[in-house]
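Everything below concerns the one structure shown next.
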Amino acid sequence: VAGVGRTNAAAATTLAIIAHGPFDCVLSVGLAGALPGGNLQVGDLIAADTCVYAEEGIATPDGFHDMATLGWPLGDFEGNEVPCGPDLLRRLSDVLPIGRIATVATCSGTDALAEEIARRTNCVAEAMEGAAVVHAARLLKVPAIEIRVISNTTGDRGLQKWDREGALASL
């Protein structure tokens, strides 16, 4: 409904809560790419315990530094890690695997980028909206969580495996 990307997601979430709330919770639901080492397959569902802004920070010759290292807070949470609603997480943990999901502006279309995002964020999947949705809801005091279905692998674009239709059917 919000469209692709963090800006659309944050704006749509904020507008929906203000114009149509109050709500008991916000769910950010959609597709994600499986990152290396996360043991997720196309068609798997996952709920985030933490949504990680993967690109907010600075890239230096010494490596990437997140917002905590820079000393500039993004919100009332540590660094780039937006925690999901604990009650929602508790309710979903019996029915879905739980893991960290990276929010990216640039999807991992190379093995090097996919491996870097996985290593740097300790995330098992990447999507383009979750942290912004959960962050916007958090600012408006509404518990939120990100739920994704794996629609594709990440890494070298020509070697990725995709099943968008099957993933959407799984939702």
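Can you go through 63, 43 and tell me which one is surrounded by fewer than 18 Cβ atoms within 10 Å (Cβ to Cβ), within 30 Å of residue 161 (Cα to Cα) and touching a helix residue (DSSP H, G or I) at 6+ places or on another chain (Cβ under 6 Å)?
Being surrounded by fewer than 18 Cβ atoms within 10 Å (Cβ to Cβ), within 30 Å of residue 161 (Cα to Cα) and touching a helix residue (DSSP H, G or I) at 6+ places or on another chain (Cβ under 6 Å) holds for just one of 63, 43, which is 43.
Matching residues to (1) of a type in the set (A, V, I, L, M, F, W, C); (2) open to solvent by 30 Å² or more (accessible area, probe 1.4 Å):
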{"position": "1", "(1), (2)": "yes, yes"}
{"position": "15", "(1), (2)": "yes, yes"}
{"position": "77", "(1), (2)": "yes, no"}
{"position": "80", "(1), (2)": "no, no"}
{"position": "103", "(1), (2)": "no, no"}
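Considering 115, 146, 165, which residue is under 17 Å from residue 28 (Cβ atoms) and modelled with pLDDT of 95 or more? Let's see the steps before the verdict.
On the way: 115 fails: under 17 Å from residue 28 (Cβ atoms); 165 fails: under 17 Å from residue 28 (Cβ atoms).
Of the residues listed, the single one that is under 17 Å from residue 28 (Cβ atoms) and modelled with pLDDT of 95 or more is 146.
Kindly state which helices (runs of 4 or more DSSP H) lie completely within the range 111-171 and contain at least 2 residues that are buried (at least 19 other Cβ atoms within 10 Å of the Cβ). First the steps, then the outcome.
Values: elements: 111-121, 130-139, 164-170.
Correct list: 111-121, 130-139.
Which condition number in (1) outside any strand (DSSP E or B); (2) at pLDDT 95 or above is the one that residue 29 fails?
(1)
The values are calculated or read from the model by the stated rules, or taken from the named source; none is laboratory data. Note that the coordinates shown come from a computational prediction; the quantities given were computed from them, not determined experimentally. Using ideal geometry, Cβ is built from the backbone for each residue, glycine included, and neighbour counts are taken over all protein chains shown. Ligands, DNA and RNA are excluded from the accessible area calculation, which covers all protein heavy atoms including side chains. Shrake-Rupley method; radii C 1.70, N 1.55, O 1.52, S 1.80 Å.
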